[in-house]
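Participant: Starting off with a structure, shown below.
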Amino acid sequence: MLIDGHSIVNRAFYGVPELTNESGLHVNAIYGFLNILFKLMDDEKPDYLCVAFDMSAPTFRHERYPEYKGTRKPMPEELKEQVPVLKDVLTAMDITIVTHEGWEADDILGSLARKAESEDMEVSLVSGDRDLLQIASDKVKIVLPKTKGGKTEVEMYHTKDVIDKYQVPPVGIIELKALMGDSSDNIPGVPKVGEKTATALLVEYGSVDNVYANLDKITKKGLHDTLEANRNKAMLSRWLATIKTDCDTGVTWDDIRVNSLYTVKAYELLKTLGLKRILARFEGKTGLKPTDNTDTDITAVKNVADYKRLIGDVNGEFTFYIHKSGSLKTDKKVKEEAGGQMGLDLEALSNTNLDKTDNKAGGEDKICLDCLSVTCMGKTYTIAPDGELTADIILKGLADVIKNPGVKPCTYDLKGAYEYLCCGGLEVVMDEKGHIAPHIDDMELVSYLLNPIKAKEYNKEPGIITHMLASDREDMLKRLKAEGMYELYTDIELPLGRVLYACEKEGIAVDRDKLIAYGESLTGRIGELEEAIYEQANERFNINSPKQLGEVLFEKLGIEGGKKTKSGYSTAADVLEKLAPDHPIVRDILEYRGLAKLKSTYADGLLECIAKDGRIHTTFNQTITATGRISSTDPNLQNIPIRTELGRRIRKCFVPKEGYVFVDADYSQIELRLLAHMSQDDGLIEAYGMDADIHKITASKVFHIPFDEVTPEKRRDAKAVNFGLVYGISSFGLSQDLGISRKEAAEYIEEYFVTYPGVKAFLDKQVSDAKDKGYVTTMYGRRRPIPELKNSNYMMRQFGERVAMNSPIQGTAADIMKIAMIRVYNALNRELPDARILVQVHDELLLEVKKEDTEKAAALLRREMENAAELAVRLEVDVHDGNDWYEAK
């Protein structure tokens, strides 16, 4: 396996979100490169391996054509700093790095590939550069990885695959570049000849030489003339694009023979980089002696007696992790170590009804356990259901250990473990102070609070996760205390997990018939819009094809204002929305798109999510957003449409159970109220104290209009400024929102800051503090790192400044909502035990309560939510009730 180093590290850098270690070193490219490397090593299992890197010195191509690669931008500093570190990691892993002055990495790789092929070896050549497709053959496979969001997929090309994709054999890739050029390498090609034309010429004539031999047959004047005038450019381009395959690299097969990559030296280096998910691969490997002297051996417990003996010996600190059905991706050896059988069903006890997947499929109530891993007394054990050692016995034993007051249990993803712990008979409750009992540390929450923008640290292999929890636990908790977030963890995040578990378990009922009828009404309107669009276009076409739609709108109909891209005209929403007021067909297309989205995502999508109990059980995520907001997935109930009347109507399909109603509470302008409190601006605080329309007051002050003469338009403008500044809006953004000039928008903002000077001072201080510290904090101590402020890219730095302004406000609003949820949950248990919290949507809580308790529930909601925080301005809550979510909202 031959790897193009700079190409893959570039792919990794742009494919993995920005990550830094504790010392501030960027590590996302290193992390992504190693992920790709290990995936390919697992898949390919090569006998020989090397990585080739380009050098900064000019190559033989530059000697002939100094402009070669002259258009390339310098490597971003965030990537540049990672390359030498990556090379150190590869060297520590005993992977040979090959470079050669005067040659490119492509030349080294091409030469090694041809040498291996001549010796009847199979070759996998890994690169992100399609130039290397010219090297493909029946023996040489070109592997093109794609990384997005940390996940890696690959395209693979032998000779046939290149022909299928590009209509030319591998050598034809050189000929294509000769004609069409390559802007990334500054290979000129023939002007006005693109990929489509170049391919057509080569399909007909086979090579560039034959194209010119038959130039008189090319009758299309523009094409004939440009080919004739640029023959020298075509020949030069072919020479530049041709990879050298006869370089004497001096590399022998013994030099690059694969040994164990899992060296102690590499392990030590990776620890300093903080790449714990990569480190997990090293744990327990043959010959590795971990630096923390923790025993990484995994012992499989295979019978009841051994299991009871194990849990009987547990005292003090211990960690556990429940591997749920489908969470393991392990090889045969690991499965054997874990007990041999995976994914056995556990019939649920009466207090659970949680397996959403089984419920969706209409199966019996059950949860599935792959295995349990436990670390105690310095050793890691795996326990999998097997014969007499049933899942029931395993989980009851675990629950008994946790009940023991002498132990200090810890896990990863405690919310996800609750269903299993309940099956074992463990009751997790909240005391009067809002603390969960028994106390179980959740290292996912700890890890998230320490760095909310960092990738997940742990993988799911048996034993590995528990060993890492055991080794890191005390250090991470100490850091949490040192950074002032321990109370945020114990008083908000841990108890919130118990509340969210209850919400997920309860779910929300959906009237299936109403949802089907809603979908049918959308289908009818979608059909009407389709016909209207075809009639205005005078042809039938695929409305969902951006290419076809762009051609119809901007070429056939001649609508002005289109944006041409490499792949055709842009038909993105922001483009079409500007054209809609003047073009009925565009308005119809936007409505069509909106209704199609409603139909597929909600009308059809939600039907598939209804469990056999008639309810939808979403998953609420605590550790996804950088600001601390809760998110919802599978399905996303926080994204139910509210902007259009037709979209809002879907809420009619969400209904309470018989004898109950919905009670809905929503914080009024919480982020703007927090801006007043956190900025301590006297004018804004006074405006809220007047208990009048805040936007109208702002319009009166900013635009110097008597309060009674403020028009709806001016109120709208003031509202946009009020809320926009909470999000660090720019004059350009405000001008886009209000449809005014950038100059006018800048004047609005300037006048706003004159009116409320405390706001300007507060926002400026957030940015300056963030630049000094590297993070901002909420009122409750939650940190939000902002590495973007040190980015070499101006736009990224601007984004970082907006984050610095907004995160303290949005994060504090999220913290207050979490406190409110805990307060409401405890108050319901005390005063209305039959009522339940069902859904949280940002600033909104939805309850299901008995009809006779409606007024009491509304008063409870208002009391607990308004008293969740003491601010310089009063928190206000709007409360409504109804027989479906639409009425209650």
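The values are calculated or read from the model by the stated rules, or taken from the named source; none is laboratory data. Nothing here was measured: the structure is a model prediction, and the numbers come from that model. Here Cβ is always computed from backbone atoms with ideal geometry, including for glycine, and neighbour counts include all displayed protein chains. Ligands, DNA and RNA are stripped out before the accessible areas are found, and what is left, the full protein with its side chains, is counted by its heavy atoms. Shrake-Rupley method; radii C 1.70, N 1.55, O 1.52, S 1.80 Å.
Participant: Is it the case that residue 612 is part of a helix (DSSP H, G or I) and either open to solvent by less than 20 Å² (accessible area, probe 1.4 Å) or closer than 27 Å to residue 504 by Cβ (or both)?
Facilitator: no
Participant: Okay, next question. Just to be sure I understand the filter: pairs with C-beta atoms under 9 Å, separated by 6 or more residues or on different chains, first member in segment 774-788 and free of Cβ contacts under 8 Å to residues at least 24 places away in the same chain and part of a loop (DSSP other than H, G, I, E, B), second member of a type in the set (A, V, I, L, M, F, W, C) and crowded, with 22+ Cβ neighbours inside 10 Å. Which pairs pass?
Facilitator: Short answer, once both residue conditions are applied: 786/770; 786/776; 786/803; 786/804.
Participant: I'd like the full set of residues that are basic (Lys, Arg) and within 30 Å of residue 703 (Cα to Cα), limited to segment 751-798.
Facilitator: Taking segment 751-798 and keeping what is basic (Lys, Arg), we get 760, 765, 771, 773, 782-784, 790, 797.
Of everything in segment 751-798, those that are basic (Lys, Arg) and within 30 Å of residue 703 (Cα to Cα) turn out to be 760, 765.
Participant: Restricting to segment 29-45, what's the tally of residues that are in contact (Cβ under 8 Å) with a residue 60 or more places away in the chain and either surrounded by 19 or more Cβ atoms within 10 Å (Cβ to Cβ) or among the polar types (S, T, N, Q) (or both)?
Facilitator: Number of matching residues: 7.
Participant: Oh, and also: Across segment 842-852, what is the number of residues that are buried (at least 19 other Cβ atoms within 10 Å of the Cβ) and closer than 21 Å to residue 780 by Cβ?
Facilitator: Selection size over segment 842-852: 2.
Participant: Count, please, the residues in segment 254-266 that happen to be open to solvent by less than 60 Å² (accessible area, probe 1.4 Å), at pLDDT 85 or above and part of a helix (DSSP H, G or I).
Facilitator: 2
Participant: Here is a follow-up. With respect to residue 760, determine if the residue is surrounded by fewer than 16 Cβ atoms within 10 Å (Cβ to Cβ) and either in contact with a strand residue (DSSP E or B) (Cβ under 9 Å, 6 or more places away or on another chain) or charged (D, E, K, R) (or both).
Facilitator: no
Participant: Something else: Take segment 209-243 and flag every residue that is touching a residue at least 40 places away in the same chain (Cβ under 8 Å), farther than 15 Å from residue 198 by Cβ, open to solvent by 20 Å² or more (accessible area, probe 1.4 Å) and in a helix (DSSP H, G or I).
Facilitator: 236, 239
Participant: Next up: For the subset of segment 267-284 comprising residues that are surrounded by 15 or more Cβ atoms within 10 Å (Cβ to Cβ) and more than 25 Å from the chain's Cα centre (by Cα), which member is modelled with the lowest pLDDT?
Facilitator: 284
Participant: Tally the residues that are open to solvent by 20 Å² or more (accessible area, probe 1.4 Å) and either among the hydroxyl-bearing types (Ser, Thr, Tyr) or touching a strand residue (DSSP E or B) at 6+ places or on another chain (Cβ under 7 Å) (or both), restricting the search to segment 793-820.
Facilitator: 1
Participant: Got a number for residues in segment 377-405 being open to solvent by 40 Å² or more (accessible area, probe 1.4 Å), in a loop (DSSP other than H, G, I, E, B) and on the phi < 0 side of the Ramachandran plot?
Facilitator: Of the residues in that region, 4 qualify.
Participant: Something else about it: State which residue pairs qualify: first residue without any contact (Cβ under 8 Å) to a residue 24 or more places away in the chain and under 9 Å from residue 728 (Cβ atoms) and inside segment 800-812, second residue surrounded by fewer than 24 Cβ atoms within 10 Å (Cβ to Cβ) and of a type outside the set (Phe, Trp, Tyr) in any location, beta carbons under 8 Å apart, and separation of 6 or more residues or different chains.
Facilitator: Pairs that qualify, where the first residue is without any contact (Cβ under 8 Å) to a residue 24 or more places away in the chain and under 9 Å from residue 728 (Cβ atoms) and the partner is surrounded by fewer than 24 Cβ atoms within 10 Å (Cβ to Cβ) and of a type outside the set (Phe, Trp, Tyr): there are none.
Participant: Then there's this: Test residue 515 against the stated conditions and say whether it is touching a residue at least 24 places away in the same chain (Cβ under 8 Å), part of a helix (DSSP H, G or I) and surrounded by 18 or more Cβ atoms within 10 Å (Cβ to Cβ).
Facilitator: Spelling it out, residue 515 is indeed touching a residue at least 24 places away in the same chain (Cβ under 8 Å), part of a helix (DSSP H, G or I) and surrounded by 18 or more Cβ atoms within 10 Å (Cβ to Cβ).
Listed here are the residues, each with its yes/no results for (1) open to solvent by less than 10 Å² (accessible area, probe 1.4 Å); (2) within 18 Å of residue 821 (Cβ to Cβ).
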{"residue": "854", "(1), (2)": "no, no"}
{"residue": "858", "(1), (2)": "no, yes"}
{"residue": "865", "(1), (2)": "yes, yes"}
{"residue": "876", "(1), (2)": "no, yes"}
{"residue": "881", "(1), (2)": "no, no"}
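Participant: Quick one: residue 823 ticks every box in (1) free of Cβ contacts under 8 Å to residues at least 40 places away in the same chain; (2) farther than 14 Å from residue 663 by Cβ; (3) open to solvent by 60 Å² or more (accessible area, probe 1.4 Å); (4) of a type outside the set (Ser, Thr, Tyr) bar one, so which box is it?
Facilitator: Failing condition for residue 823: (1).
Participant: Ok, one more. If you check residue 135 against the conditions, is it under 22 Å from residue 70 (Cβ atoms), touching a residue at least 60 places away in the same chain (Cβ under 8 Å) and touching an Asp or Glu at 6+ places or on another chain (Cβ under 9 Å)? Talk me through it step by step, then tell me what you get.
Facilitator: Working: under 22 Å from residue 70 (Cβ atoms): no; touching a residue at least 60 places away in the same chain (Cβ under 8 Å): yes; touching an Asp or Glu at 6+ places or on another chain (Cβ under 9 Å): yes.
In short, no.
Participant: To continue, here is another question. Check segment 171-188 and report whether any residue there is in a helix (DSSP H, G or I), without any contact (Cβ under 8 Å) to a residue 12 or more places away in the chain and over 39 Å from the mean Cα position of the chain (by Cα).
Facilitator: no
Participant: So, one more: For residue 231, indicate whether it is charged (D, E, K, R), more than 22 Å from residue 85 (Cβ to Cβ) and touching a strand residue (DSSP E or B) at 6+ places or on another chain (Cβ under 9 Å).
Facilitator: Answer is no for this residue.
Participant: Right, something else. Pick from segment 146-173 the residues that are in contact with a Lys or Arg (Cβ under 6 Å, 6 or more places away or on another chain) and open to solvent by less than 60 Å² (accessible area, probe 1.4 Å): which of them is modelled with the highest pLDDT?
Facilitator: Taking the candidates together, the pick is 158.
Participant: Right, something else. If residue 719 satisfies every condition in (1) within 27 Å of residue 870 (Cβ to Cβ); (2) open to solvent by less than 20 Å² (accessible area, probe 1.4 Å); (3) in contact with a helix residue (DSSP H, G or I) (Cβ under 6 Å, 6 or more places away or on another chain) but one, which is the exception?
Facilitator: Answer for residue 719: the failing condition is (2).
Participant: Quick test for you: out of 408, 456, 433, pick the one residue that is more than 21 Å from the chain's Cα centre (by Cα), charged (D, E, K, R), open to solvent by 10 Å² or more (accessible area, probe 1.4 Å) and modelled with pLDDT under 90.
Facilitator: None of the others qualify; the one that does is 433.
Participant: When you scan segment 101-111, do you find a residue that is farther than 30 Å from residue 236 by Cβ and either of a type in the set (S, T, N, Q) or outside any strand (DSSP E or B) (or both), even just one? Working first, answer last.
Facilitator: So the first thing to find is which residues in segment 101-111 are farther than 30 Å from residue 236 by Cβ, and the list is none.
No, every residue in segment 101-111 fails to be farther than 30 Å from residue 236 by Cβ and either of a type in the set (S, T, N, Q) or outside any strand (DSSP E or B) (or both).
Participant: Consider residue 655 carefully, then state whether it is over 30 Å from residue 807 (Cα atoms), surrounded by 16 or more Cβ atoms within 10 Å (Cβ to Cβ) and in contact (Cβ under 8 Å) with a residue 24 or more places away in the chain.
Facilitator: Yes.
Participant: Taking interchain pairs and intrachain pairs at least six residues apart, which have beta carbon atoms under 7 angstrom, with the first residue in segment 735-753 and surrounded by 16 or more Cβ atoms within 10 Å (Cβ to Cβ) and the second in a loop (DSSP other than H, G, I, E, B)?
Facilitator: 735/741
Participant: Would you confirm whether or not segment 360-374 contains a residue that is buried (at least 16 other Cβ atoms within 10 Å of the Cβ), over 25 Å from residue 613 (Cβ atoms) and either of a type in the set (A, V, I, L, M) or at pLDDT 90 or above (or both)?
Facilitator: The answer is yes, given that some residue of segment 360-374 is buried (at least 16 other Cβ atoms within 10 Å of the Cβ), over 25 Å from residue 613 (Cβ atoms) and either of a type in the set (A, V, I, L, M) or at pLDDT 90 or above (or both).
Participant: Which pairs turn up if I take residues in segment 627-644 that are under 15 Å from residue 603 (Cα atoms) and look for partners that are open to solvent by less than 60 Å² (accessible area, probe 1.4 Å) and assigned to a loop (DSSP other than H, G, I, E, B) with beta carbon separation below 7 Å, at least 6 apart in sequence or on another chain?
Facilitator: 634/618; 635/609; 635/618; 637/618
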